[in-house]
Ligand SMILES: *Cc1c(COP(=O)(O)O)cnc(C)c1O
């Protein structure tokens, strides 16, 4: 039997990413593939740069999309800003801070770790204390929106502290970009990366990045070559550098970039502030419904991300049973807990195109049915009723 074409099922993606991709984006990706140095493609790359500048709220000239997933955007920041022997402070409050440590080590630099509890934001006081002990630190890195817990940290304050000690900053906004405020210039972030498949709601595999003039200066004056040829910004940036000076570095993922272009056009049409407000509104409606079911969040209100809702699994309910039923009976995907949180929480994403009232109500209805079938003491209908009232208010 020859293998036939692959036809994936249609899902409602309410996990930690990818999120639902708009048919407009999928249609854009099916347009004719052209050469990556074709004048039409080059013009599209220039538009992409200005769309990304809008999305990141920056004038940074070095703003483009790394041709690989968010993890490669992370690596791009570390390999370009760190040299062997440098010290880097990593503030960790979840899974992704741990990956930053790995990156620092692989650059031959020394990580100084600051730990905060999972579910809490990064503590600015601890950063200041650590910088006093290690004034020779070159880079401070942290995650804005920890996807493993749903907690957000105060970027502006952390960057201010790092700058007072002469450090450059690397900020992970894979989950925040497009879903909650990210203001590169106002917050004076030096190096930032994100991902295409979370609140930008594009297909996975691209990583928007942006670098401040200070970061670019550091990259230009490095004493050693970046460890990665592919991610070396000195080389990549000449590819994204603009009309006339564009030199072949690698073949861009042409159709994937059509998709990101369309995703950013959709975001621009909606308006970035309106997108942040939509994420917040749908989170509030979800919250009312979950609370009516007796479920609670692991993150305290002021630090809670609207696009990533980490909720405690009720006593006596088995994690995988619920997720499997959601997927098989309702086509809904939600996320499991990572690391220490495995089996204890669910992660419900309301990211990008997925963040709408229809999905919130379908999910709440499905969850209350499943939990009640499994014997949880909940009043069926209470969650959807509370959420509908909130939505109508
Ligand atoms: C998803 C995610 C990443 C990694 O992105 P990939 O596209 O999966 O490589 C990095 N950091 C955070 C905070 C994320 O949520």
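The values are calculated or read from the model by the stated rules, or taken from the named source; none is laboratory data. Quantities reported herein were computed from a predicted structural model and do not represent experimental measurements. Methodologically, a virtual Cβ is constructed for each residue, glycine included, from the backbone with ideal geometry; neighbour enumeration extends over all protein chains shown.
Those residues that are assigned to a loop (DSSP other than H, G, I, E, B) and surrounded by 15 or more Cβ atoms within 10 Å (Cβ to Cβ), I need them from the stretch 248-270; list them, please. Outline the logic, then answer.
Filtering the stretch 248-270 for residues assigned to a loop (DSSP other than H, G, I, E, B) gives 248-253.
Scanning the stretch 248-270 gives 249, 252, 253.
Would you pick out the residues in the stretch 283-297 that are over 18 Å from the mean Cα position of the chain (by Cα) and part of a helix (DSSP H, G or I)? If the condition is that a residue be over 18 Å from the mean Cα position of the chain (by Cα) and part of a helix (DSSP H, G or I), then 284, 285, 286, 287, 288, 289, 290, 291, 292 are the ones that fit. Filtering the stretch 1-26 to residues that are free of Cβ contacts under 8 Å to residues at least 60 places away in the same chain and outside any loop (DSSP other than H, G, I, E, B) leaves only 23.
Condition check ((1) modelled with pLDDT of 95 or more; (2) within 11 Å of the ligand (Cβ to nearest atom); (3) part of a helix (DSSP H, G or I); (4) over 29 Å from residue 13 (Cα atoms)) across all residues:
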residue: 158; (1), (2), (3), (4): yes, no, yes, yes
residue: 161; (1), (2), (3), (4): yes, no, yes, yes
residue: 166; (1), (2), (3), (4): yes, no, no, yes
residue: 175; (1), (2), (3), (4): yes, yes, no, no
residue: 181; (1), (2), (3), (4): yes, no, no, no
residue: 198; (1), (2), (3), (4): yes, yes, no, no
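Scanning the stretch 65-85 for residues that are in contact with a strand residue (DSSP E or B) (Cβ under 7 Å, 6 or more places away or on another chain) and more than 16 Å from the ligand (Cβ to nearest atom), which turns out farthest from residue 174 (Cα to Cα)? Among those residues, the one meeting the criterion is 82.
Does residue 68 satisfy being in contact (Cβ under 8 Å) with a residue 24 or more places away in the chain, surrounded by 22 or more Cβ atoms within 10 Å (Cβ to Cβ) and either on the phi < 0 side of the Ramachandran plot or assigned to a loop (DSSP other than H, G, I, E, B) (or both)?
Details: in contact (Cβ under 8 Å) with a residue 24 or more places away in the chain: yes; surrounded by 22 or more Cβ atoms within 10 Å (Cβ to Cβ): no; either on the phi < 0 side of the Ramachandran plot or assigned to a loop (DSSP other than H, G, I, E, B) (or both): yes.
Spelling it out, it is not the case that residue 68 is in contact (Cβ under 8 Å) with a residue 24 or more places away in the chain, surrounded by 22 or more Cβ atoms within 10 Å (Cβ to Cβ) and either on the phi < 0 side of the Ramachandran plot or assigned to a loop (DSSP other than H, G, I, E, B) (or both).
For the stretch 138-151, how many residues meet the condition of being within 16 Å of the ligand (Cβ to nearest atom) and assigned to a loop (DSSP other than H, G, I, E, B)? The total comes to 5.
Can you go through 204, 135 and tell me which one is in contact (Cβ under 8 Å) with a residue 24 or more places away in the chain, away from the ligand (no atom under 16 Å from the Cβ) and not in a helix (DSSP H, G or I)?
Working: 204 fails: away from the ligand (no atom under 16 Å from the Cβ).
That would be 135, the only listed residue that is in contact (Cβ under 8 Å) with a residue 24 or more places away in the chain, away from the ligand (no atom under 16 Å from the Cβ) and not in a helix (DSSP H, G or I).
Answer yes if at least one residue in the stretch 102-111 is within 16 Å of the ligand (Cβ to nearest atom), more than 23 Å from residue 155 (Cα to Cα) and out of contact with any strand residue (DSSP E or B) (no Cβ under 9 Å at 6 or more places or on another chain), and no otherwise. Within the stretch 102-111, one or more residues are within 16 Å of the ligand (Cβ to nearest atom), more than 23 Å from residue 155 (Cα to Cα) and out of contact with any strand residue (DSSP E or B) (no Cβ under 9 Å at 6 or more places or on another chain).
Within the stretch 327-368, being surrounded by fewer than 17 Cβ atoms within 10 Å (Cβ to Cβ), farther than 22 Å from residue 381 by Cα and touching a helix residue (DSSP H, G or I) at 6+ places or on another chain (Cβ under 9 Å) holds for 339, 342, 343, 344. If you filter the stretch 28-42 down to residues that are without any contact (Cβ under 8 Å) to a residue 24 or more places away in the chain and assigned to a helix (DSSP H, G or I), you find that the one that is farthest from residue 268 (Cα to Cα) is 39.
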